[in-house]
Amino acid sequence: MTKLLFISTVYPYPEDNGKKVVISGILNFFIKALGIENIQLVVLGQQEIECINELSVMGLPKPGTKNQLLNLFYYTLLTRKKSIQESILYSKANKKELDRIVTEMNPDIIIYDTLRVSQYYEEDKSFEKKHVLYLEDLFSVRYDKMLQILQKYPHFDLNSLGNFANRVPSVFKSLLKLSFIQKFALKYERNLIASREINAVKWFDKSLLINHQETAYLARVSQQDSIFTVKPLLKQREQLAVRNFCGDPVFVFVGDLKVPHNQVSIKTFIVSQMENIIFEIPEVMIRIIGRHADQELIDLAKKYPEHLSIEGYVDDLGSILAGACGMVIPLLFGSGVKLKTIEALASGMPIISTDFGVEGINDINHTHCIIENDFNEYAKVMKQLCDIKVNALLSKNAMDFYRNNYQKETIDQEYEKLFLR
């Protein structure tokens with residue numbers, strides 16, 4: 001029987017952010033294909049894990065602060081062999097423990113979740129297995145876009161660490177609060193990680209990205225033909241595809257508000273467009289759904305108590321999407337694929353988005369959603385969506401696109417080719 005070892009930096013249950021959705025989807029596919037007893041998940045940097053299913057999980061501790069700082073000095077500054085994020089997660093003790101797990105389990109397939117994990121086994125071919133690197137998206141592209149945003153909107157306090165912040169030494173986080181150090185660190189990391197992305201893929205049988213445009217780019221610059229696009233497998237999205245929109249001008253924005261592209265974009269959108277939107281749609285309500293709203297966003301919402309609602313994470317997103325007029329995705333930058341967009345499509349939710357919100361979703365166009373990069377046009381477009389007939393047509397097109405491209409049967413077939421052949 002085929003056995004799988006999946007090494008990640010996150011425990012993907014419950015699926016409450018985009019990264020967890022993708023990883024849990026891959027694991028759920030393997031659970032069905034191989035049986036849960038033939039799968040081992042190892043989570044680096046999270047020793048205590050509260051498991052919510054029968055999947056075998058082992059957590060390994062994150063390196064201590066002294067280890068992290070020594071790694072940063074030697075691997076990142078002195079030899080430039082590792083990016084910042086790799087140095088922060090590397091330890092010889094974890095390498096030794098991973099070797100033990102591989103030897104005892106003797107898996108047929110090993111999946112490494114991003115370069116933070118793959119660094120442990122690059123150039124090591126002592127284990128004759130199928131090695132798959134899940135890159136997620138190109139961090140070099142992500143950091144380059146952050147730098148552009150910092151240049152354009154210097155007044156915003158950009159959380160460049162995002163969800164990786166809990167892995168970082170406190171002294172490093174404090175330094176990054178200084179804008180000039182943050183910019184220097186982003187440029188330094190962008191250059192290091194770009195080189196690492198190009199060189200790392202040659203060591204793996206397959207390397208996977210969720211954005212087909214980034215797949216094509218990395219294949220070209222690395223000159224490797226082993227780079228593929230992996231689509232996310234959403235859990236039971238078909239249950240969301242029941243619309244009951246009655247004409248109420250309620251819109252939603254969904255996303256983890258600690259993530260830089262969500263954090264900056266929604267603030268910019270509110271500051272620049274809220275007055276215009278209220279003028280066009282006096283009874284409008286925008287529900288901002290996602291964890292980690294900072295004080296600046298909370299203060300912005302207080303200016304419009306009848307029109308803006310910050311609601312944190314919600315368990316039943318489906319019922320909210322079913323009755324809302326549309327989803328606004330006014331992203332100013334980003335990389336990879338936005339899971340919120342695919343979730344909205346699955347729900348038949350009309351979408352108004354910039355190019356960044358639909359980036360990496362192959363063949364999506366203006367018949368499936370409204371793509372608008374000019375924030376000044378959003379009020380007018382949102383008002384059009386309040387028309388029930390207009391809304392219903394776009395809703396049907398969105399749902400059809402999801403069913404043709406992302407339904408479970410389609411993704412299962414693609415995963416079969418990617419992982420098991």
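The values are calculated or read from the model by the stated rules, or taken from the named source; none is laboratory data. Note that this is a predicted model, so its numbers are computed, not measured. Cβ sites come from the backbone with ideal geometry, for glycine too, and all protein chains shown count toward neighbours. In case anyone asks, the SASA skips ligands and DNA or RNA and just uses the protein heavy atoms, side chains included. Shrake-Rupley method; radii C 1.70, N 1.55, O 1.52, S 1.80 Å.
Looking only at residues in segment 287-345 that are out of contact with any strand residue (DSSP E or B) (no Cβ under 9 Å at 6 or more places or on another chain) and of a type in the set (Asp, Glu), the one that is least open to solvent (accessible area, probe 1.4 Å) is Asp294. In segment 34-43 there is no residue that is of a type in the set (S, T, N, Q) and farther than 19 Å from Tyr415 by Cβ. If you go through segment 299-321 and keep only what is part of a helix (DSSP H, G or I) and farther than 26 Å from Glu15 by Cβ, you end up with Asp299, Leu300, Ala301, Lys302.
All conditions in (1) more than 28 Å from Tyr134 (Cβ to Cβ); (2) touching a strand residue (DSSP E or B) at 6+ places or on another chain (Cβ under 9 Å); (3) open to solvent by 10 Å² or more (accessible area, probe 1.4 Å) hold for Ser226, with the sole exception of (1). Residue check: Ser56 meets all listed conditions (1) of a type in the set (Ser, Thr, Tyr); (2) in contact with a strand residue (DSSP E or B) (Cβ under 7 Å, 6 or more places away or on another chain); (3) under 24 Å from Ser207 (Cα atoms) but one, namely (3).
Considering Val10, Val21, which residue is closer than 23 Å to Glu104 by Cα, in contact (Cβ under 8 Å) with a residue 40 or more places away in the chain and open to solvent by 10 Å² or more (accessible area, probe 1.4 Å)? Please lay out each step first, then the result.
Values: Val21 fails: closer than 23 Å to Glu104 by Cα.
One residue alone meets the criteria, Val10.
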